[in-house]
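The next block holds one structure in the form of structure tokens; read it before the comments.
The numbers here are math on the coordinates, done by the rules we state, and not lab data. What you see is a predicted model; the values in this text were computed from it and never measured. Here Cβ is always computed from backbone atoms with ideal geometry, including for glycine, and neighbour counts include all displayed protein chains.
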Amino acid sequence: MKDADSKSKLANRLNRIEGQVRGVSRMVEEDRYCIDILTQVQAVRAALARVETELLKDHLDHCIEGAIVSGDAEEQRRKASELIELLGRATR
């Protein structure tokens, strides 16, 4: 994370997502209509995807860029390998 403001915004998003998940759990307990529950599950997944995108962007802007600027070939390979492994897990 690059700064306290970004970290705070991300924490706020995650707190909202946590509230959404609790709401979905309540909907299940209350035997709400399946489509309504599924709609909320999709909303949670979309919100998590936005958090993931923001974290990935931050990683590219700071960690990856830092490795490139450093000129350290080993660090560059390590950062590239981490990213490739992460993206590979997403497709499983």
Could you go through region 40-50 and let me know if any residue there is surrounded by 14 or more Cβ atoms within 10 Å (Cβ to Cβ) and under 25 Å from D3 (Cβ atoms).
yes
Out of everything in region 35-54 that is in contact (Cβ under 8 Å) with a residue 24 or more places away in the chain and not hydrophobic (A, V, I, L, M, F, W, C), what residue ends up being nearest to Q20 (Cα to Cα)?
R50
Leading residue by the ranking (surrounded by the fewest Cβ atoms within 10 Å (Cβ to Cβ)) among those in region 51-84 that are among the charged types (D, E, K, R) and more than 27 Å from D3 (Cβ to Cβ)
E74
Within region 55-78, does at least one residue satisfy the condition of being free of Cβ contacts under 8 Å to residues at least 24 places away in the same chain, among the small types (G, A, S), part of a helix (DSSP H, G or I) and under 30 Å from Q20 (Cα atoms)?
no
Could you please find all residues in region 1-10 being hydrophobic (A, V, I, L, M, F, W, C), in a helix (DSSP H, G or I) and surrounded by 11 or more Cβ atoms within 10 Å (Cβ to Cβ)?
L10
For region 12-19, check the following and say yes or no: at least one residue is within 18 Å of the chain's Cα centre (by Cα), surrounded by 12 or more Cβ atoms within 10 Å (Cβ to Cβ) and without any contact (Cβ under 8 Å) to a residue 12 or more places away in the chain.
no
What number goes with the only condition from (1) under 20 Å from D3 (Cβ atoms); (2) outside any helix (DSSP H, G or I); (3) not aliphatic (A, V, I, L, M) that D31 does not pass?
(1)
